[in-house]
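Asker: Provided herewith is a single structure, encoded as C-alpha cells, for subsequent inquiry.
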Amino acid sequence: MKATGWEALSQWGDDAARIEPLCGGVANDVWSVRLGEEIAVGRLGTRSDADLAWETELLLYLNHKGLVVPVPIPTLEGRLHAGGLVVMKYLEGRPPESAADWRRVADTLRRLHQLTEGWPQRPGWRSSTDLLKENTGTKINLDQMPPEGVARCRAAWARLVGLPTCVVHGNPNNPANIRITNERVALIDWDESHVDVATLDLALPNNSAGLDDDDFDIARQASAAWEAAVCWGDEYAVRRLAEVRAL
C-alpha cells in the first residue's frame with residue numbers, strides 16, 4: 001500500500017523524522033524535518049500529483065537559473081513528491097524590513113517573471129483574466145461570493161487584459177514568504193504560484209516595484225480581488241474585497 005500523509009516521509013529515508021511545526025498557512029501542514037544530519041522543510045497538502053509536479057519542476061528550473069528558492073529534495077527513489085508530501089531545502093534569512101529590502105524583492109520578482117514567460121499553466125488553475133468568463137479554478141469558486149463582489153473583482157481583473165503572462169509567485173507581499181540575507185533574496189512558499197499577469201506580484205509595500213500611479217492602482221486592485229477570491233470564506237477575504245473599488 002502506498003504511504004500517504006506523514007507516513008510518506010519514510011520515502012526520504014528510514015531515519016527521516018518530523019521535528020516541529022512551522023507556519024504554513026491554512027492549506028498545508030508544514031514542519032521542519034530531519035534527513036540524516038540535514039534540516040529541511042516538509043509540506044503536506046492535498047494537491048494532485050500533476051499540480052505538485054508543476055511546482056517542483058518550476059523550482060528546479062528557477063534554481064538552475066540562479067534564483068534562490070526552496071529546492072525540492074528527492075526521495076530515495078528520485079521522486080520530488082510522494083503522497084502529497086514535498087520536502088525542500090531549508091533557507092535561512094529574515095523577512096524584508098526596509099524600503100531597500102522591498103526593492104530587492106521587486107527585482108527578484110521581475111527576474112522570476114522574465115525567466116518564465118510562456119510557461120504552461122499550473123494544472124487545474126485559472127488566471128485572473130480567465131476568471132472574467134470562468135467561475136472556478138483550484139481554490140477559487142466565484143459562485144460562493146456575493147454577485148456584487150464578483151462584479152467588482154472582474155472589473156479589477158479586466159484592466160489586466162492584453163498584458164503578457166508568466167509565472168507569478170502569488171503572495172510575495174507577505175513578508176513571511178521572503179527570506180533575505182546580505183547576499184540574496186529567497187522566495188519561499190510557492191503553493192499559490194501559477195501563470196498570470198506579472199502585475200499581480202507587484203502590489204508591494206510602498207510601491208517598491210516603482211510603478212507609475214495608474215499601474216500601481218491596477219496592481220493593488222487586481223491583487224486585492226485575487227486574494228479575496230482565493231481566500232473567500234474568511235475574514236481576511238472580506239477585508240481584501242473591501243479594498244476593491246465599488247462599481
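Asker: What is the one condition in (1) part of a helix (DSSP H, G or I); (2) out of contact with any strand residue (DSSP E or B) (no Cβ under 6 Å at 6 or more places or on another chain) that Leu247 does not satisfy?
Answerer: (1)
Asker: Further, regarding this structure: Of all residues in the range 78-131, which are touching a helix residue (DSSP H, G or I) at 6+ places or on another chain (Cβ under 7 Å), in a helix (DSSP H, G or I) and surrounded by fewer than 16 Cβ atoms within 10 Å (Cβ to Cβ)?
Answerer: Answer for the range 78-131, where residues must be touching a helix residue (DSSP H, G or I) at 6+ places or on another chain (Cβ under 7 Å), in a helix (DSSP H, G or I) and surrounded by fewer than 16 Cβ atoms within 10 Å (Cβ to Cβ): just Ala99.
Asker: Across the range 188-219, which residue is nearest to Asn63 (Cα to Cα) among those that are of a type in the set (D, E, K, R) and part of a loop (DSSP other than H, G, I, E, B)?
Answerer: Asp189
Asker: Anything in the range 230-247 that is of a type in the set (Gly, Ala, Ser) and closer than 16 Å to Asn141 by Cα? List them, or say none.
Answerer: If the condition is that a residue be of a type in the set (Gly, Ala, Ser) and closer than 16 Å to Asn141 by Cα, then Gly233, Ala237 are the ones that fit.
Asker: Quick check on Ala186: is it touching a Leu at 6+ places or on another chain (Cβ under 7 Å), surrounded by fewer than 20 Cβ atoms within 10 Å (Cβ to Cβ) and within 27 Å of Val87 (Cα to Cα)?
Answerer: Judged against the criteria, Ala186 is a match.
Asker: Can you find a residue that is over 30 Å from Ala106 (Cβ atoms), β-branched (Val, Ile, Thr) and surrounded by fewer than 13 Cβ atoms within 10 Å (Cβ to Cβ) anywhere in the range 4-11?
Answerer: Checked against the condition, which is being over 30 Å from Ala106 (Cβ atoms), β-branched (Val, Ile, Thr) and surrounded by fewer than 13 Cβ atoms within 10 Å (Cβ to Cβ), the range 4-11 yields at least one hit.
Asker: Next question. Looking at this structure, is Ala155 small (Gly, Ala, Ser), surrounded by fewer than 20 Cβ atoms within 10 Å (Cβ to Cβ) and part of a helix (DSSP H, G or I)?
Answerer: Criteria met by Ala155.
Asker: Can you run down the residue pairs with Cβ atoms below 6 Å, 6 or more apart or on separate chains, where the first is in the range 10-21 and in contact (Cβ under 8 Å) with a residue 24 or more places away in the chain and the partner is surrounded by 12 or more Cβ atoms within 10 Å (Cβ to Cβ) and among the β-branched types (Val, Ile, Thr)?
Answerer: Close Cβ pairs (under 6 Å, with a partner that is surrounded by 12 or more Cβ atoms within 10 Å (Cβ to Cβ) and among the β-branched types (Val, Ile, Thr)) amount to Gln11/Thr75; Trp12/Thr75; Trp12/Val87; Arg18/Val33.
Asker: For the range 21-60, which positions are outside any loop (DSSP other than H, G, I, E, B) and polar (S, T, N, Q)?
Answerer: Ser32, Thr56
Each reported figure results from applying straightforward, stated rules to the coordinates on display, with no laboratory input. Just so it is clear, the structure is predicted and the values come from calculations on it, not from any experiment. For neighbour counting, all protein chains shown are included, and Cβ atoms are generated from backbone atoms with ideal geometry for every residue, glycine included.
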